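These notes concern the structure reproduced below.
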Amino acid sequence: MIPTITAFENSPDRGKGQARDMRVRWALEEVGQSYDVRLVSFSEMKEGAHRALHPFGQIPTYEEGDLALFESGAIVFHIAERHAGLLPDDANARARAITWMFAALSTVEPPIVDLQNAVLLERDKGWYEQRLPIVKDRTRDRLGELSRRLGDADWLDGAFSAGDLLMVTVLRRLNASGILNEYPNLSAYVARGEARPAFRRAFDAQLAVFTAASNP
Ligand code: GTB
């Protein structure tokens, strides 16, 4: 059965692959599962039909027969469980890869999102200049720790896994900030992820949505 995911009709990132449908597309491409995409506008996301799929009125969602999922991490995990290629067979290695999925989403992504929100949404606040360095340092602390753990390895724990897929998409959120350049091994790690053919296919697919919307 071909799953259907939802994505922004008009992504505010202008096709840079920053929205969270990108990680779901990438996972589907990695495992060779074709998929359909239903594009939703900001207003549609907040309406009843979409909220029945996603209680918080967001993208991405994932529908496959009777199953409807939301939360990009849960969707990637589901894809990784149902197909070979994103989680190791060995039980301990699999548990460690799942640990990295959680680490990406619950330990590394929050300070990065906080930094992005500060830059995008808090610039006009009187306390912006005082808060920004604090938020940047929190992000740097996490990146330093991650950088030390990765060392000169290609991936976080052996072969490429869903943990790397999520971590790379999380780190890509820093592309515009330049902060990642302070950690050459993390920059190289992201570049390795972006060089994967499945990433390229996923990226091109979401970029095509933006290109079509800009040239109706
Ligand atoms: N925890 C959820 C998940 O992982 O699936 C979070 C989902 C989420 O944040 N979805 C966002 C959304 O639907 C899109 S990805 N927002 C609309 C809303 O809440 O009303 C976040 C995102 C949006 C835009 C950019 N960008 O422009 O660079 C980057 C990331």
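Using C-alpha pairs under 8 Å with a sequence gap of at least 6, the mean separation divided by the residue count of the chain gives a relative contact order of 28 percent. Note on segment 91-195: the alpha carbon radius of gyration divided by the globular reference 2.2 N^0.38 Å gives 1.12. Solvent exposure of the chain amounts to 51 Å² per residue of accessible area, where only protein heavy atoms count and the probe is 1.4 Å. Calculate what fraction, in whole %, of the accessible area of segment 149-216 sits on carbon and sulfur atoms when a 1.4 Å probe is rolled over the protein chains. Accessible surface attributable to carbon and sulfur in segment 149-216 totals 55 percent. Taking all Cα pairs closer than 8 Å and separated by 6 or more residues, the relative contact order of segment 91-195 comes to 37 percent. Surface composition of segment 1-44: carbon and sulfur atoms hold 49% of the protein heavy-atom accessible area at a 1.4 Å probe.
Along segment 167-181 the Karplus relation, 6.51 cos²θ - 1.76 cosθ + 1.60 evaluated at θ = phi - 60°, assigns HN-Hα couplings of 5, 5, 5, 5, 5, 4, 4, 8, 3, 6, 7, x, 4, 4, 4 Hz to successive residues, with x for each Gly and Pro.
The values are calculated or read from the model by the stated rules, or taken from the named source; none is laboratory data. The structure presented is a predicted model; accordingly, all values stated were derived computationally and were not measured. Areas reflect the complete protein model, heavy atoms only, side chains present, ligands, DNA and RNA absent. Shrake-Rupley method; radii C 1.70, N 1.55, O 1.52, S 1.80 Å.
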